[in-house]
Amino acid sequence: MVTEVKGSTSGIVNATTQRPAAAEVTGVVAPEKPGALTGENVSLTKTAAELRDLEQAVRSAPDVDVDRVDRLRQSIAEGNYQVDDEKLAQNLLRHEMMMISGGEVGKK
């Protein structure tokens, strides 16, 4: 399809509204199947590699210990749940230190 475009100083310009296929422009042929390998190498940035590793770690993490959760719920419902104030304070401080330092602080 051809369209006439009139500009104030350029006169009449003919323009096509159809785009050529990618192979016509770049000489690159798309793979027959989406996701098919084309022999190109791909490298990940450091951040992308870290995200991939974190995703794998999360996927391999153990599921929730349902029995423990049930025991805790029962203990709380019965009013028997005891909080170890010293342990709670140490864990809070360790967590805060880890957040500040950006790394892991030793566990006890």
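Would you check if there is a residue in region 50-62 being surrounded by 10 or more Cβ atoms within 10 Å (Cβ to Cβ) and either touching a Cys at 6+ places or on another chain (Cβ under 6 Å) or not in a helix (DSSP H, G or I) (or both)?
no
Restricting attention to region 69-108, and to residues there that are part of a helix (DSSP H, G or I) and surrounded by fewer than 10 Cβ atoms within 10 Å (Cβ to Cβ), which single residue is modelled with the lowest pLDDT?
Per the criteria, the residue is S101.
List, please: which pairs have Cβ atoms under 8 Å, are six or more places apart or on different chains, and start with a residue in region 77-90 that is free of Cβ contacts under 8 Å to residues at least 60 places away in the same chain and end with one that is loosely packed, with under 10 Cβ neighbours inside 10 Å?
From residues that are free of Cβ contacts under 8 Å to residues at least 60 places away in the same chain, the pairs are Q90/K108.
When you look at L37, is it at pLDDT below 95, under 26 Å from the mean Cα position of the chain (by Cα) and outside any helix (DSSP H, G or I), yes or no?
yes
The values are calculated or read from the model by the stated rules, or taken from the named source; none is laboratory data. All values reported here derive from a predicted model rather than from experimental measurement. Please note: Cβ atoms are built from the backbone with ideal geometry, for glycine as well, and neighbour counts cover all protein chains shown.
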